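Visitor: Have a look at the structure that comes next, please.
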Amino acid sequence: MAGALEVADGAGGTGEADAGLAAARRGLRAAADLLIALSPFGQGERAGRLETAERALVAAATVSGDRFAEGRARFLLCGSHLAATRLDDARTEALAAEAASRSAGDTVMLRQVLNDLGLIAQILHRNGEAIGRFEESVALARQLGHRSGAVASTVNSALSKVRRGQAAEAATVCEQLLPEVRALGDTAGTAYTLYVLGLALHGLGCYPQAAERFRECRALAATAGRRERQALAGIRLADTLCALGRPEQALTEAEFALALTIETGAQRDQGYALQTLGRVLADLRRPTESRDRLHEAHRIFERLGLPQAAEVTELLAELMTQPGRDT
């Protein structure tokens, strides 16, 4: 009887421990889902507090051995790193989130993590890798019946195809997607699709059509309150206006886009605006101002560890060889 009692007591203790662990894991998963719900509001002053909570959640999930909660927590932390353009940290967390999500069979989270891995590769100009990540994300989204997710990753993949020299394929994809994304009532998604279509048309030399798409994108982004997309559309519109031989109009667009990026605090986009503004000023034969803007862009890209720093260095070298430059 004593033996039986000892076994019973032991079993009771184990049961309580298991129940406690299960409760802790439920709490971790609920916390992760709450932070995911809050993440769209994590801009500005809230960003630091949310990141602190994400780090704590990653630590707790890792200690508990809950791979499901860990995958979601690391996805959240990856998003914070990505928003701050800490690309090495973002990639580390995204790869860890991918492994945890695969282990836990959390395909909903895995789809989003794969999309983020594609975005990181895209920013680093690893476009072949990006396309592979996006395509796997699209396949999972379709499997899950997640239409908007499939559309977003498909457009992301089209952007990488533009940058890989497959502008015609990307334009076809975006043209085919536009009716679907409009039907979803997704204003921000429509604006993004128009943006990538504009880039593809620019790459094909169809400048008037590209300018039209960028203008439509900018108007929709402004309506949706997506000022970062609005700024990017303005930057690319300025590039296209330069290609059309309208540098004065391009200057107006580039300066307005730069002002928007300063308002939003988007450092990478500010670098893009300064880079475009430098090119426009060079076309207007204002080399001193052009060099100043390009040097500003270079400092931003170099600080963020972005490959565009090398592009700006080449632009500065070209500017130095132009006839009639000031000294």
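Visitor: What distance in nm separates the two pseudo spin-label positions at LEU184 and ALA317, each 7 Å out from Cα along the beta-carbon direction?
Guide: Label-label distance for LEU184 and ALA317, simple model: 4.2 nm.
Visitor: Now a separate question. Rounded to the nearest 10 degrees, what's the angle between the helix 107-123 long axis and the longest principal axis of the chain, both from Cα atoms, 0 to 90?
Guide: 30 degrees
Visitor: Would you please give the FRET efficiency between ALA168 and ARG227, computed as 1/(1 + (r/R0)^6) with r the Cβ-Cβ distance and R0 = 35 Å, to the nearest 0.05? Could the numbers behind the result be given before it?
Guide: Numbers: r = 31 Å, r/R0 = 0.88.
Rounded to the nearest 0.05, the efficiency is 0.70.
Visitor: So, one more: Name the shape class, rounded, prolate or oblate, that the alpha-carbon gyration tensor gives for region 256-327, where a ≥ b ≥ c are the square roots of its eigenvalues, rounded holds for a/c under 1.5, and otherwise prolate holds if a/b is larger than b/c and oblate otherwise. Mind dumping the intermediate values first?
Guide: Working: a/c = 2.86, a/b = 1.52, b/c = 1.88.
Oblate shape, in that a/c is at least 1.5 and b/c is the bigger or equal ratio.
Visitor: Could I ask something else about it? Quick check on region 162-242: take the gyration tensor over C-alpha atoms, sort the square-rooted eigenvalues as a ≥ b ≥ c, and tell me if it's rounded (a/c under 1.5), prolate or oblate. Write out the running numbers ahead of the final one.
Guide: Numbers: a/c = 2.08, a/b = 1.17, b/c = 1.78.
Oblate, since a/c reaches 1.5 and b/c is not below a/b.
Visitor: Another question, if that's okay. Explain nothing, just the number: relative contact order of region 192-327, from Cα pairs under 8 Å at least 6 residues apart, as a whole percent.
Guide: Values: 184 pairs, mean separation 21.6, N = 136.
It comes to 16 percent, rounded to a whole number.
Visitor: Continuing with this model, one more query. Given the C-alpha atoms of the chain, compute the convex hull and give its volume per residue in Å³. Can you show the working numbers first?
Guide: Details: hull volume 46.4 nm³, N = 327.
Convex hull volume per residue, Cα atoms: 142 Å³.
Visitor: Let me ask you something else. Full-extension gain between LEU244 and GLU289, please, as 0.36 nm times their residue separation minus the C-alpha to C-alpha distance.
Guide: Numbers: separation 45, 0.36 × 45 = 16.20 nm, distance 2.18 nm.
Contour length minus Cα-Cα distance gives 14.0 nm.
Visitor: May I ask you to order 312-321, 59-68 by the average number of other C-beta atoms within 10 Å around their residues, highest value first? Walk me through the intermediate numbers first.
Guide: On the way: 312-321: 13.8, 59-68: 16.7.
Those peptides, ordered most packed to least, come out 59-68, 312-321.
Visitor: Follow-up question, since we're still on this one. Once phi is turned into ³J(HN,Hα) by the Karplus curve 6.51 cos²θ - 1.76 cosθ + 1.60 with θ = phi - 60°, what whole-Hz value does each residue of region 282-297 show in order, with x for glycine and proline?
Guide: Per residue, the Karplus-derived 3J(HN,Hα) values read 5, 5, 8, 6, 10, x, 5, 5, 4, 4, 4, 5, 5, 5, 4, 4 Hz.
Visitor: Compute the accessible area per residue over the chain, keeping the other protein chains in place, probe 1.4 Å, unit Å².
Guide: Normalised by residue count, the accessible surface of the chain is 48 Å².
Visitor: Additional query: Note the angle between two axes, namely the Cα long axis of helix 127-144 and the longest principal axis of the Cα atoms of the chain, as a number of degrees from 0 to 90, rounded to the nearest 10.
Guide: Helix 127-144 sits at roughly 50 degrees to that axis.
Visitor: Could you grab the relative contact order for region 149-241? Cα pairs under 8 Å, six or more apart, rounded to a whole percent.
Guide: Numbers: 119 pairs, mean separation 22.7, N = 93.
So the answer I get is 24 percent.
Visitor: Please list 282-294, 108-120 highest first by mean number of surrounding beta-carbon atoms within 10 Å per residue.
Guide: Working: 282-294: 17.8, 108-120: 23.3.
The packing order, highest mean first, is 108-120, 282-294.
Visitor: Rounded, prolate or oblate: which fits region 46-142, taking a ≥ b ≥ c as square roots of the Cα gyration tensor eigenvalues, rounded meaning a/c under 1.5, else prolate when a/b beats b/c?
Guide: Values: a/c = 2.25, a/b = 1.24, b/c = 1.81.
Oblate shape, in that a/c is at least 1.5 and b/c is the bigger or equal ratio.
Visitor: Then there is this: If packing is taken as the mean number of other Cβ atoms within 10 Å per residue, what is the order of 167-178, 25-36, highest first? List each step's numbers first, then the result.
Guide: Details: 167-178: 18.4, 25-36: 16.2.
The densest-packed peptide leads the list: 167-178, 25-36.
Visitor: With just the Cα atoms of region 94-235, tell me how far they stretch along each of the three principal axes, in Å, largest first.
Guide: Ordered largest first, region 94-235 gives principal extents of 49, 30, 25 Å.
Visitor: Hey, another quick one. Cα axis of helix 46-64 to longest principal axis of the chain: angle in degrees, 0 to 90, nearest 10?
Guide: 40 degrees
Visitor: What list of ³J(HN,Hα) couplings, whole Hz, do you get for region 73-79 from phi and the Karplus terms 6.51, -1.76, 1.60, once you set θ to phi - 60° and write x for glycine and proline?
Guide: Computed from phi, the couplings for region 73-79 are 5, 5, 4, 4, 5, 4, x Hz.
The values are calculated or read from the model by the stated rules, or taken from the named source; none is laboratory data. Because the structure is a prediction, the values reported are computed rather than measured. All Cβ positions, glycine included, derive from the backbone under ideal geometry; neighbour counts span all protein chains shown. Surface accessibility is based on the protein's heavy atoms, side chains included, excluding ligands, DNA and RNA. Shrake-Rupley method; radii C 1.70, N 1.55, O 1.52, S 1.80 Å.
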